[in-house]
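See below for the structure under consideration.
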Amino acid sequence: MSDLLDLLRRLEFLGEEFLTYLYVHSFLDDGGITLGDGRKIEVVAERMVALQGAQGKSDSTVVRSEELSESEEARIALKIGKKVTSGQFLFAIQGEDYKVVLDKDLCIRSIALPALETFDPFEQEVEVFEKIGLVEDAIESLFLDFLEKRMDQSRWSKEMDDITAWLRSGVEERR
Amino acid sequence: MGNRVTFVTYRVSQIPSEDEIFEGIVRGKIGKVDLALGKDRTCGFARFQNPLSTDFSKEDVFFQGLVFVSFRIDKYVVPASTLRLYLKERVESILKESGRQRLRKEEKEEIADEVRKSLLSKALPAINAYKVIWAVEKRVLRLFCTSRAVRDEFEAWMHEFLGVTLSPFNMATIVRDSLGQSAMQKVLHLLPVNFGSGQ
């Protein structure tokens with residue numbers, strides 16, 4: 001277990017980069033990320049994003065807004081080098097919406113599930129279990145896809161260009 | 001949209017048989033608190049649908065390829081203000097009977113312990129039951145609780161009675177379980193980027 005904790009600490013910056021990538025991408029390409037295998041996962045950052053700079057907690061910003069894509073505060077925080085440490089994301093999976101609060105360790109803090117289709121209490125437990133699994137699978141696929149890009153210099157260079165261009169664009173351009 | 005849920009997902013180290021799981025759950029069922037020994041809490045497995053019961057049957061535990069059980073923690077608490085009042089009454093009674101002016105610190109501590117045990121025996125426990133659902137074949141288990149203390153206790157209990165190690169679902173378990181050695185080394189050699197400066 002301590003090996004995993006050590007690994008988690010070593011990867012911490014990648015968790016922040018992944019959430020930042022997810023945050024920016026959620027406002028690009030109609031809010032979707034197309035994975036290497038062709039699947040598209042729709043994800044939109046919404047309502048709350050927490051960002052942190054190199055100084056740690058003393059250098060943090062929390063932005064709450066109905067329209068995060070237009071939040072200058074979040075964009076400026078990113079431009080000065082802060083990264084996303086947690087946020088609420090809406091995942092559209094198999095035609096249903098899941099609101100997920102995700103942190104930089106990729107731990108899900110909470111999920112608001114769509115309406116359940118079953119009525120029997122025991123079957124509802126099974127349905128909740130399976131729906132959570134869909135979200136975790138989506139997060140895992142997105143993260144592994146991000147890692148593949150991150151390890152490929154030319155693909156990552158294009159990602160950086162896209163993210164930087166979005167950060168530098170004005171609100172009007174982003175609409 | 002409703003149903004906001006909080007939980008922790010674990011990856012389970014191995015796949016025990018149905019019999020091993022059932023026996024482990026029965027052995028690890030919640031027991032009575034031994035108040036006489038000064039203990040004030042206990043934990044263990046209870047039934048999923050009725051956590052007050054530990055009368056397990058395979059029909060309750062196994063459903064649609066999943067394991068359903070509760071992890072229950074019972075804690076007896078004597079409120080400090082109640083303990084203070086009973087202790088005061090007991091000390092005054094002893095002083096009156098013995099004709100002494102005061103008690104030694106050790107005597108007072110001993111009396112406080114006795115009074116606490118006596119009150120605990122009359123108290124009702126605070127019972128907390130947390131749902132556990134385990135997809136055995138997929139090696140995925142969810143505990144519907146996020147308290148660090150409960151998680152630690154649950155992980156230790158699962159290890160002791162079911163012989164499995166639980167690793168929380170997070171970035172480290174994804175990397176450990178999904179990447180080969182060479183990709184893992186590559187990931188560990190990456191350096192942070194600055195999105196603001198584009199470098």
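Each value in this text was obtained by applying a stated rule to the coordinates, not by laboratory testing. Predicted model, so just to flag it, every value in this text is computed and none were measured. No Cβ is skipped: glycine too gets one built from the backbone with ideal geometry, and neighbour counts run over all protein chains shown.
Things to note:
- Estimated FRET transfer efficiency when R0 is 45 angstrom, pair residue B:82-residue A:9 (beta carbons, to 0.05): 0.50
- Once the Cβ-Cβ distance of residue B:112 and residue A:47 is raised to the sixth power relative to R0 = 51 Å, the FRET efficiency obtained is 0.50.
- Projected label points at residue B:176 and residue A:154, each 7 Å from Cα along the beta carbon direction, are separated by 3.6 nanometres.
- Hz values of 3J(HN,Hα) by residue in region B:172-189 - Karplus curve (6.51, -1.76, 1.60), Gly and Pro given as x: 5, 6, 4, 5, 4, 8, 10, 9, x, 4, 6, 5, 4, 4, 5, 4, 5, 9
- Nonlocal amide H pairs with residue B:10, under 5 Å, H built at 1.01 Å: B:141, B:142, B:143, B:169
- Ellipsoid semi-axes in whole angstrom, largest first, where each is sqrt(5λ) of the Cα gyration tensor of region A:97-170: 35, 14, 10
- The phi-based Karplus calculation (6.51 cos²θ - 1.76 cosθ + 1.60; θ = phi - 60°) puts the 3J(HN,Hα) values of region B:72-84 at 10, 10, 10, 9, 8, 9, 9, x, 4, 5, 5, 4, 4 Hz, whole numbers, x for Gly and Pro.
- Per-q log10 I(q)/I(0), region B:23-119, q = 0.18 Å⁻¹ (Debye; single scatterer per alpha-carbon; no solvent): -0.84
- For A:144-150, mean number of other protein chain Cβ atoms within 10 Å: 3
- For region A:135-142, the Karplus equation 6.51 cos²θ - 1.76 cosθ + 1.60, evaluated at θ = phi - 60°, returns couplings of 5, 4, 4, 4, 5, 4, 4, 4 Hz by residue, with Gly and Pro reported as x.
- Hydrodynamic radius (Kirkwood) for chain A, which is based on Cα pairs only, to one decimal in Å: 17.1 Å
- Largest GNM mean-square fluctuation across B:38, B:163, B:28, computed for chain B with C-alpha springs under 10 Å, falls on B:38.
- For the protein assembly as shown, the square roots of the Cα gyration tensor eigenvalues, ordered a ≥ b ≥ c, give a/c of at least 1.5 with a/b greater than b/c, which places it in the prolate category.
- Calculated [222 nm] ellipticity per residue, helices only, for the protein assembly as shown: -14000 deg cm²/dmol; basis is -39500 (n - 2.57) per DSSP H run with n ≥ 4, divided by all residues, nearest 500.
- Gain on full extension, evaluated as 0.36 nm per residue between residue B:138 and residue B:14 minus their Cα-Cα distance, stands at 43.7 nm.
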